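Notes follow once the structure below has been shown.
The values are calculated or read from the model by the stated rules, or taken from the named source; none is laboratory data. What you see is a predicted model, and the numbers here were worked out from it, not measured in a lab. Glycine gets a Cβ as well: all are built from the backbone with ideal geometry, and neighbour counts include every protein chain shown.
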Amino acid sequence: MLRSLTAQAKALRWLLAAVLIPPALLLLVASVQTVAPLWMLMRDPVSIAELPPYTGFLSNLGVLLWCSAGTISLFAAALIRHAHPNPAGARFLFWGGVLTLMLMADDFFTIHEVLAFHGGLPDTLIIGVYAALAGAYFLSFRHYIWTTDFLLLAVALGFLGTSIIVDAFDPKDSVLIFALVGDRYHLVEDGPKLMGIAAWLGYFVRVGWSEILAGRNKAFPTQVEHEPEEHVRPTMNTRTSAYFGHPARLK
């Protein structure tokens, strides 16, 4: 057993360093900094403010969905890069994961609100930067996106866009809007946002899963029975259905 632990420690030395050193450094910085009390950095905000445990439940759920989409995209990108070289798919998932985690960080730490309140930057400017980055990402991979099940992406962008538009208007500034939504304003704003994040997660899970299955079929060509070539179309739907029985079936 001791020999096994020694062998594991030797084999995992770089992974152990990668996962343990960053949080250790973060804890060290938190313990010596003088900007905020240590207990305030370590404890949960709900406990500090003595709020009900369900405070921010839907907001936290959205952050978890962002995190899931980002990590799944990055993991799938790394996997398919080694399983079967597909530069377009790997790059799309990698940069999609980076963009998603950036949006997650902004949502979780309310970066755009902090910059607007403390930095004096217009909220529209910050949102515009995010929109420009997302637009550049989609434009760069437009040809690849057309081979995916982009309906999920369109639904996600539609809901997220609706949330941004609603957020740009204060219901108190419009008698009509306030009369329509009243105290349900946050439902109108944050409801589409949560729906959009869920659709965003579904899209990147679908793309990553399809690429992984495509790599599996390429890695084990002798286990795949192909139908006539005229029935095979070079789309993501074809690659996905290859695992489930059409146009190719794994033995």
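Structure summary
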{"item": "In the range 111-167, the residues that are in a helix (DSSP H, G or I), aromatic (F, W, Y) and touching a residue at least 24 places away in the same chain (Cβ under 8 Å)", "result": "Y130, Y137, Y144, F159"}
{"item": "Residue that is surrounded by 10 or more Cβ atoms within 10 Å (Cβ to Cβ), outside the structural domain of V207 (by TED's automatic domain parsing), β-branched (V, I, T) and modelled with pLDDT under 95, where the choices are T6, T34", "result": "T6"}
{"item": "Whichever residue in the range 184-232 is in contact with a strand residue (DSSP E or B) (Cβ under 8 Å, 6 or more places away or on another chain) and outside any helix (DSSP H, G or I) and, among such residues, is modelled with the highest pLDDT", "result": "F220"}
{"item": "V63 modelled with pLDDT of 95 or more and either touching a strand residue (DSSP E or B) at 6+ places or on another chain (Cβ under 7 Å) or not assigned by TED's automatic domain parsing to the domain that holds G196 (or both)", "result": "no"}
{"item": "Residue match in the range 63-80 (condition: assigned to a helix (DSSP H, G or I) and over 30 Å from R216 (Cα atoms))", "result": "yes"}
{"item": "Matching residues, the range 66-112, being at pLDDT below 95 and polar (S, T, N, Q)", "result": "N86, T110"}
